[in-house]
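A.B. asks: First the structure, then my questions, so here it is.
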Amino acid sequence: MKFNYLRNFALGAVALCSLASCEKEDDSNSDPFNFGDSKIVVIGHKVPDTDAVTSAMAYAIFLRSLGYDCEARVAGALNKETMFALDTFGIKAPELLTSADNLNVVIVDHSEYAQSVNGMRNANILRVVDNHLLGSMTDAASYDTTRSAGSTCTIIYYDFKEMDVTITKETAQLLLLGILSDTGGLKPTKSNSKDSVVVNDLVSVAGITDLAAFYTRMSEFADSYDGMTDAEILASDIKDYERAGYKYSVANVDVDRDDYLEDMRNRMLAVMPDYMKKNNLDFMLCKIDADTLDCSNLLYMGENAEKFADAAFLNMGIEDVTSEKKDGYIYMTPHVSRKVIIVPRLNDVLDANAKE
Ligand SMILES: [Mn+2]
């Protein structure tokens, strides 16, 4: 059960250790990061998850506190979990941004142009704040990245601390939501002690009395595909990548009952070809996680997809993770993270088989 991990969060009260953040100017003039006077838009990735939304909002608050003219926007419609979470605290969601053309932007929670709103290649990227493997955004003016952080909100918490900016109740709520969502309620496979320390520090500021109960409720919304078509389920938590000349996507789908796995595999396999065609992909993966069984089923489709998946995910040699080839998919246990396991290992295989 997801919320069980939360029981340990209070025990993670290790010393506050500053996450390494890089390339920050530390002069105390009126322009602490030298971002200038122009309006700044903070934005996360397309198909936004809770962390993409709340980290943008929290970072916008952070920059406004430092005197910048700044606003958060979202790159797509909010999912059910995010809507529930913001509703709970009475927080208004940011407005949609459809093009980043010629804007001054701070990017949160991604570093892949393929995951950004249109026009991002023509934007002035002041900073990337992210906890993922660095993607194609190698030309930003500065980076504030810590791959070991469980969520972008964790990084931002330490930014507030470092710059001595007060964390208000609403900021605490936003940061907590991003961390809880991205770490699956502080699951050990998706978080570390730094995330726990932050949650421990923020929970009372955020005014949450029963964190486990709150996260359970939140995850019910995350797992709910009520009223969605199979194509919408496939696209509900999908990320696009460009690497070594390949265009690919990795979808993430959760099922809350083990006996739904086979059905969900078949349903996703039926809608994957259309997604590939519409998005002009070379190949795609779809990872279906079953919480109760604690496993991932990895589907693959497209040219060489099986070959790449076999090379990346069989015989991985990772302690405590086993993988096995099944009929048409790879079975892994415990469930694996797209960010930590899937994308880095796949990119290594693609680099070794580069198109150009
Ligand atoms: Mn995200």
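Rule-based calculations on the coordinates, nothing more; no lab input. Since the structure is predicted, the reported quantities are computational estimates derived from the model, not experimental observations. When we count neighbours, we look across all protein chains shown, and the Cβ atoms used for this are built from the backbone with ideal geometry, even at glycine.
A.B. asks: Which residues' amide hydrogens lie under 5 Å from the amide hydrogen of VAL253, considering only partners 5 or more residues apart or on another chain, with H built in the peptide plane?
C.D. replies: Amide H to amide H, under 5 Å and 5 or more residues apart or across chains, VAL253 pairs with LYS287, ILE288, ASP289.
A.B. asks: To the nearest 20 debye, what charge dipole does the chain have about its Cα centre, counting +1 at the Cβ of each Lys and Arg and -1 at the Cβ of each Asp and Glu?
C.D. replies: 100
A.B. asks: Also, I was wondering about something else. Fewest first, what order do ASP289, ASP164 take by the number of other Cβ atoms within 10 Å? Provide the component values of the computation, followed by the final result.
C.D. replies: Values: ASP289 24, ASP164 7.
Sorted ascending by nearby Cβ count, the order is ASP164, ASP289.
A.B. asks: As a check on your grasp of the helix formula, calculate [θ] at 222 nm for the chain: sum -39500 (n - 2.57) over DSSP H runs of n ≥ 4, divide by the residue count, round to the nearest 500. Don't skip to the end; give the middle numbers.
C.D. replies: Details: 10 runs with 114 residues, N = 356.
Per the formula, -10000 deg cm²/dmol.
A.B. asks: Let me ask another. Please compute the alpha carbon radius of gyration of region 266-333, then divide it by the globular-protein estimate 2.2 N^0.38 Å. Two decimals is fine. Each step should come with its number before you reach the end.
C.D. replies: Numbers: Rg = 12.6 Å, N = 68, 2.2 N^0.38 = 10.9 Å.
It is 1.15.
A.B. asks: Using only the alpha carbons, work out the radius of gyration and Dmax of region 79-126 in angstrom.
C.D. replies: Gyration radius and largest Cα-Cα distance of region 79-126: 13.3, 37 Å.
A.B. asks: While we're here: Once both axes come from the Cα atoms, what is the angle between helix 152-162 and the longest principal axis of the chain, in degrees from 0 to 90, rounded to 10?
C.D. replies: So the helix axis and the longest Cα principal axis differ by about 20 degrees.
A.B. asks: Follow-up question, since we're still on this one. Please report Rg over Rh for the chain, where both radii come from the alpha carbon positions and Rh follows the Kirkwood definition.
C.D. replies: Here Rg/Rh amounts to 0.95.
A.B. asks: Please report, in cubic angstrom per residue, the volume enclosed by the convex hull of the alpha-carbon atoms of region 230-352. Walk me through the numbers on the way to the answer.
C.D. replies: Details: hull volume 11.5 nm³, N = 123.
Normalising the Cα hull of region 230-352 by residue number yields 94 Å³.
A.B. asks: If you line up the Cα atoms of region 108-190 on their principal axes, what length do they span on each, largest first, in Å?
C.D. replies: 35, 31, 20
A.B. asks: Using a 10 Å cut-off around each Cβ, can you sort TYR59, TYR215, TYR143 from fewest to most neighbouring Cβ atoms? Write down the numbers at each step before the final one.
C.D. replies: Details: TYR59 30, TYR215 25, TYR143 20.
In order of increasing Cβ crowding within 10 Å: TYR143, TYR215, TYR59.
A.B. asks: Oh, and also: Across the Cα atoms of region 255-299, what radius of gyration and what greatest pairwise Cα-Cα distance (Dmax) are found, in Å?
C.D. replies: Values for region 255-299 (Cα only, Rg and Dmax): 11.7, 35 Å.
A.B. asks: Can I ask one more? Send over the Kirkwood Rh of region 306-354, from the inverse of the averaged 1/r over different Cα pairs, rounded to one decimal Å.
C.D. replies: Averaging 1/r across every pair of different Cα atoms and inverting gives 11.1 Å.
A.B. asks: Once phi is turned into ³J(HN,Hα) by the Karplus curve 6.51 cos²θ - 1.76 cosθ + 1.60 with θ = phi - 60°, what whole-Hz value does each residue of region 270-276 show in order, with x for glycine and proline?
C.D. replies: Once θ is set to phi - 60°, the couplings for region 270-276 become 6, 9, 5, x, 5, 4, 4 Hz.
A.B. asks: Projected onto the charge dipole of region 258-356 (+1 at Lys/Arg Cβ, -1 at Asp/Glu Cβ, origin at the Cα centre), which of ASN280, ALA290, LEU350 gives the Cα projection farthest towards the positive end?
C.D. replies: Sorting the options by dipole projection puts first ASN280.
A.B. asks: Related question: Output ³J(HN,Hα) for region 321-336: one whole-Hz value per residue in order, computed from phi by the Karplus curve 6.51 cos²θ - 1.76 cosθ + 1.60 with θ = phi - 60°, and x for Gly and Pro.
C.D. replies: 10, 10, 9, 8, 7, 10, 6, x, 7, 10, 9, 10, 9, x, 4, 10
A.B. asks: Nearest 5 percent is fine: what portion of the DSSP beta bridges confined to the chain is antiparallel? Please report the intermediate quantities before stating the final value.
C.D. replies: Working: 23 of 50 bridges.
About 45 percent, rounded to the nearest 5.
A.B. asks: Using each residue's phi in region 109-122, evaluate 6.51 cos²θ - 1.76 cosθ + 1.60 at θ = phi - 60° and report the 3J(HN,Hα) Karplus result to the nearest Hz, with x for Gly and Pro.
C.D. replies: Karplus-based 3J(HN,Hα) across region 109-122 equals 6, 6, 8, 10, 4, 4, 9, 9, 5, 4, x, 5, 5, 9 Hz.
A.B. asks: State which entries of LYS92/LYS277; LYS46/LYS307; LYS39/LYS92 exceed 32 angstrom in Cα-Cα distance in the structure shown.
C.D. replies: Numbers: LYS92/LYS277 36 Å; LYS46/LYS307 28 Å; LYS39/LYS92 20 Å.
Exceeds cut-off: LYS92/LYS277.
A.B. asks: Ok, one more. Long-range amide H contacts for VAL108: which residues qualify at under 5 Å (H placed 1.01 Å from N, peptide plane, sequence gap of 5 or more or a different chain)?
C.D. replies: Excluding prolines and chain starts, which carry no amide H, the hits are ILE43, GLY44, VAL129.
A.B. asks: Per 5 Å bin from zero, what fraction in whole % of the C-alpha pairs of region 28-180 is there, up to the bin with the longest pair?
C.D. replies: Calculated over all Cα pairs of region 28-180, the distribution is 2, 10, 21, 25, 22, 14, 5, 1, 0 percent.
A.B. asks: What is the local net charge at VAL205, summed over the other residues whose Cβ is closer than 11 Å to its Cβ (Lys, Arg +1; Asp, Glu -1)?
C.D. replies: Details: positive: LYS169; negative: GLU170, ASP201.
Once all neighbours under 11 Å are counted, the net charge is -1.
A.B. asks: 5 Å is the cut-off here: which amide hydrogens, built 1.01 Å from N in the peptide plane, fall below it relative to PHE283, excluding neighbours closer than 5 in sequence?
C.D. replies: Under 5 Å from the amide H of PHE283: LYS247, SER249.
A.B. asks: Please report the orientation-averaged projected area of region 155-247, defined via the convex hull of its C-alpha atoms, in nm².
C.D. replies: With the hull built on Cα positions only, its mean projection is 8.8 nm².
A.B. asks: Right, next: Could you work out the local net charge near CYS286, counting Lys and Arg as +1, Asp and Glu as -1, over the other residues with Cβ closer than 12 Å to its Cβ? Present the calculation step by step, with values, prior to reporting the outcome.
C.D. replies: On the way: positive: LYS239, ARG265, ARG267, LYS287, ARG338; negative: ASP230, ASP237, ASP254, ASP289.
Combined, the nearby Lys, Arg, Asp and Glu give +1.
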